[in-house]
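Inspection log for the structure reproduced underneath, given as structure tokens.
The values are calculated or read from the model by the stated rules, or taken from the named source; none is laboratory data. Please read these numbers as outputs of a predicted model, since none were measured by experiment. A quick note on method: Cβ atoms are made from the backbone with ideal geometry, for glycine too, and the neighbour counts reach across all protein chains shown.
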Amino acid sequence: MTASQLKDAKETKGWDTKWVDDVLDRAKGLSNAEWSGASQKLRGTKPGMSDLDTRELYEVVHGFERRCDENGVPGIYYIVFCPHYTTNDRGDEIVAREELLNYAHGKYPFIALRREHLSRRLDDSRGYGEIASTWQTQIKREFDGRTDRSYLSTMPPLMHPVGRAPSRWGPGVMVPRMRPDDYQYADMPRGDAGGKDVELTVQQMADRYFGRPVGNENQFYARMRQQGMVAKWLKYWSDVCSQSFQLVQQFMDDEMYFRVVGSRQAEPIKVGRDEIQGQYDISIHYNVANLDMELVKEKLNLLKLAVDFDVNGVVDRTTAMEVLFEFIDPQLGERMLRPQEQASLQEVEEERTAFAQIAVGADVDIKPGQAHQLRLQELQRLSESPTAKKLLQADPSFQERLVKRAKQHEHQLVQAQNAQIGRLGA
């Protein structure tokens, strides 16, 4: 922190005034990652010694500690301190601020995302660079060896008598010699064909460890490794969402409105704090196999086949369409899919409009992709009204146009049924 930020914290964050003044006097420019008095040093005094110039900064640590108070009641305490100024002149511990957190969940207010659990230390987790450094070094050595051998083949060492180096050496140059072996190239080291095999083996080991889908034989294992890494990552975020939701249950307003981000059709939702109380299991999942478009196509074909097999109508086709667009592109689904009630209402309204146009003499044909069963039912319902019956008796042409449209709907229904019979058999 800068000096101005420390001074501002006295007013805005309630930090102890004397602590701030003492830190400004005693801890300027001190930075120590290990927080050990024996290894304290002034960083940033030489260019290149540090990636951050700390000469005008003050190191402040925000820590959390689980402990019991004087009555034996456990709790988590929030502490702000400077690792270079932990005690005053009398030897008493001094901090900028210390308070008991009032979070009802009783957990630390953070989730540690660790890729590995090698020990109890929170930071004992290796990144990809550290894990792959040995493999990377070995591959580099094999590559450098082949490069050096190529240079030797292009320009091998020249052997000549002592004190008689040729003044010129190259294509077409004439060099006199006394003996056949006065001037000659040095013998080349024999090539090691196993070096390339070693490099490929090490590369395959790294690809297998990190779950890279290289080669057809590695697809299943790579997908399994990727799924494991994604599941671990999302498990941490499930914990984050769960803890955040618990804080919302505790601290949100009595009533609030919200809308799902990214949904253009969602209406603002009103919810109260009392309505969301209780224990909830929050989980986040993602199937990495959906990144393989060929596999997604196979899934969609199986989904279509399963819907066609649904002779009893137990499959919700609206939900099936939502699943289909989730595979293709969820954002397209939000833009193209309508709520089922809204879609049905629009189909009914369009069929009523077509009925009115037929009544005044227009010849209205159906269009592909319409809900023919729903429209046929609405057309039959409109035809049974007293006004329509009178018009049918008085105007034979109206009856012809109406029957024509009804037959068009029926024909589309029969065509859909025939297509299903053709796939499944009579």
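Working only within region 82-105, note down all residues that are over 24 Å from Met1 (Cα atoms), among the small types (Gly, Ala, Ser) and in contact with a helix residue (DSSP H, G or I) (Cβ under 9 Å, 6 or more places away or on another chain).
Listed by number, the list holds a single entry, Ala104.
Taking the conditions exactly as written (out of contact with any helix residue (DSSP H, G or I) (no Cβ under 9 Å at 6 or more places or on another chain) and on the phi < 0 side of the Ramachandran plot), does Pro386 satisfy them or not?
yes
If Tyr58 satisfies all but one of (1) among the hydroxyl-bearing types (Ser, Thr, Tyr); (2) surrounded by 14 or more Cβ atoms within 10 Å (Cβ to Cβ); (3) part of a helix (DSSP H, G or I), what's the number of the condition it fails?
The single condition Tyr58 does not satisfy is (3).
Is region 219-235 home to any residue that is assigned to a helix (DSSP H, G or I), charged (D, E, K, R) and either farther than 30 Å from His105 by Cα or in contact with a Pro (Cβ under 6 Å, 6 or more places away or on another chain) (or both)?
Yes.
Restricted to region 198-241, and to residues that are aromatic (Phe, Trp, Tyr) and more than 18 Å from Arg114 (Cβ to Cβ), which residue is modelled with the lowest pLDDT?
Selected residue: Phe220.
If you go through region 114-145, how many residues are closer than 28 Å to Phe245 by Cα and touching a Ser or Thr at 6+ places or on another chain (Cβ under 9 Å)?
Residues meeting the conditions: 4.
Any idea which of (1) at pLDDT 90 or above; (2) within 26 Å of Tyr58 (Cα to Cα) is the one Ile111 doesn't satisfy?
(2)
For region 80-90, indicate whether the set of residues that are aliphatic (A, V, I, L, M), surrounded by 10 or more Cβ atoms within 10 Å (Cβ to Cβ) and closer than 26 Å to Trp15 by Cβ is non-empty.
For region 80-90, residues aliphatic (A, V, I, L, M), surrounded by 10 or more Cβ atoms within 10 Å (Cβ to Cβ) and closer than 26 Å to Trp15 by Cβ: present.
What single numbered condition from (1) among the hydroxyl-bearing types (Ser, Thr, Tyr); (2) surrounded by 10 or more Cβ atoms within 10 Å (Cβ to Cβ); (3) free of Cβ contacts under 8 Å to residues at least 40 places away in the same chain; (4) farther than 27 Å from Lys13 by Cβ fails to hold for Ser119?
It fails just one condition, (2).
Ala206 passes all but one of (1) of a type in the set (Gly, Ala, Ser); (2) more than 30 Å from Met293 (Cα to Cα); (3) touching a residue at least 60 places away in the same chain (Cβ under 8 Å); which number fails?
The one condition Ala206 does not meet is (2).
When region 343-401 is examined, which residues are found to be assigned to a loop (DSSP other than H, G, I, E, B) and under 22 Å from His411 (Cβ atoms)?
Ala362, Asp363, Val364, Asp365, Ile366, Lys367, Pro368, Gly369, Gln370, Ala371, Glu384
Within region 11-32, can you find the residues that are of a type outside the set (Lys, Arg) and assigned to a helix (DSSP H, G or I)?
Answer for region 11-32, where residues must be of a type outside the set (Lys, Arg) and assigned to a helix (DSSP H, G or I): Glu11, Thr12, Thr17, Trp19, Val20, Asp21, Asp22, Val23, Leu24, Asp25.
Suppose the filter is over 23 Å from Ala9 (Cβ atoms) and free of Cβ contacts under 8 Å to residues at least 60 places away in the same chain; does Leu113 pass it?
no
Residue-by-condition table, conditions (1) assigned to a helix (DSSP H, G or I); (2) of a type in the set (A, V, I, L, M); (3) farther than 30 Å from Val23 by Cα:
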position: Asn102; (1), (2), (3): no, no, no
position: His105; (1), (2), (3): no, no, yes
position: Arg126; (1), (2), (3): no, no, yes
position: Asp148; (1), (2), (3): yes, no, yes
position: Arg164; (1), (2), (3): no, no, yes
position: Gly195; (1), (2), (3): yes, no, yes
position: Val198; (1), (2), (3): yes, yes, yes
